[in-house]
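What follows is a single structure, written as structure tokens, with notes after it.
The values are calculated or read from the model by the stated rules, or taken from the named source; none is laboratory data. On a predicted model such as this, the values are computed, not experimentally measured, just so you know. Heads up, the Cβs are rebuilt from the backbone with ideal geometry, glycines too, and the neighbour counts pull from every protein chain shown.
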Amino acid sequence: MQTILGANGQIAEELTRYLHDNITHDLRLVSRHPTKVHETDQLFQANLMDADATAAAVEDSDIAYLTVGLPIDSALWEQQFPVMMTNTIAACQKHGTKLVFFDNTYMYPRTSTPQTEDTAFEPIGRKATVRAQIATMLLDQMRAGTIEAVICRAPEFYGPGKTKSLTNSAVFDRINQGKRPMVPISAHTRRSIIWTPDASRAMGLIGNTPDAYGQTWHLPIDPDRQTYANMIAIASEVTGRKIPYTTVPETVFKLGALVNASVKEANELMPRYRQDNIFDSTKFATRFPDFTVTTYRKGITEILKA
């Protein structure tokens, strides 16, 4: 049995498909309102804020994947993510279940220095602090040998379906709607964004590779980093029309944060767009050389042709 905690988001759905097609049909999907991806999927309704419910959800599982996401709300993250991680670790320890944690890069330094699995955490802001906290909680247990676990870390998303990210909503969704894309801060800094199906496939592969445990892995991205200007140029080629764009300066986000709660939450992330963002997934490429990474051109084409 393999169990997905936080099922039915885009990452979890793609993970479910990968596991079903390549590993096992014995899958349990856990969330407050789980829905099937395949007829054989087992549904388990649970709130991961409840320790007993989390333990029951993990019972009889060989591997559990923690893929839960929350709305971009600092207070909600502070209240819920540490509790969910505590409950998940305890559940996996109780049942002898391996844990695969899907993580992000918010806690990394806001610099152009390439980010590797050994990059030290330098969280700035409430959301980054929470992400550093929960990753460290798991790392401490891994180092202590109390749990067999692995951390799979991904940068910002782009992708099909229900993929939620600033790049999708501000750039590609607007292009599909016939609107001018809005580029945050700079169109000329190199970005590292991951195709969501690649992230899920790679996480499923790592989770079913015994010698991958006890480590942090950067999930695979196209190493040919693109700027937003380049990505929009590719979109112009794909659609056959010239696509103009607007660059939104950081001052606009700062002013918007004064009057709009959603902009205020997003404003914490804006400094990451000032300079190149180089997420290095060489370790994964070296260990799994047969894994095919989706190129930015192919991914952009799929989004715009959908």
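Tabulated data
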| item | result |
| --- | --- |
| Residue, surrounded by the fewest Cβ atoms within 10 Å (Cβ to Cβ), within the range 153-182, restricted to residues that are touching a strand residue (DSSP E or B) at 6+ places or on another chain (Cβ under 6 Å), assigned to a helix (DSSP H, G or I) and among the polar types (S, T, N, Q) | THR167 |
| Any chance ILE11 is of a type in the set (Val, Ile, Thr) and either over 20 Å from SER200 (Cα atoms) or over 19 Å from the mean Cα position of the chain (by Cα) (or both) | no |
| Unique residue being out of contact with any His (no Cβ under 8 Å at 6 or more places or on another chain), assigned to a strand (DSSP E or B), in the same structural domain as THR216 (by TED's automatic domain parsing) and at pLDDT 95 or above when the list is TYR106, TYR18, TYR65 | TYR65 |
| Yes/no for GLN115 being over 22 Å from SER61 (Cα atoms), surrounded by fewer than 19 Cβ atoms within 10 Å (Cβ to Cβ) and at pLDDT 95 or above | no |
| Among residues of the range 148-205, those that are acidic (Asp, Glu) and under 18 Å from ASN8 (Cα atoms), counted | 1 |
| Residue tally, condition more than 24 Å from PRO82 (Cβ to Cβ) and in contact with a Leu (Cβ under 6 Å, 6 or more places away or on another chain), over the range 28-63 | 2 |
| Selection count where residues are in contact with a strand residue (DSSP E or B) (Cβ under 7 Å, 6 or more places away or on another chain), assigned to a helix (DSSP H, G or I) and not hydroxyl-bearing (Ser, Thr, Tyr), scope the range 221-277 | 1 |
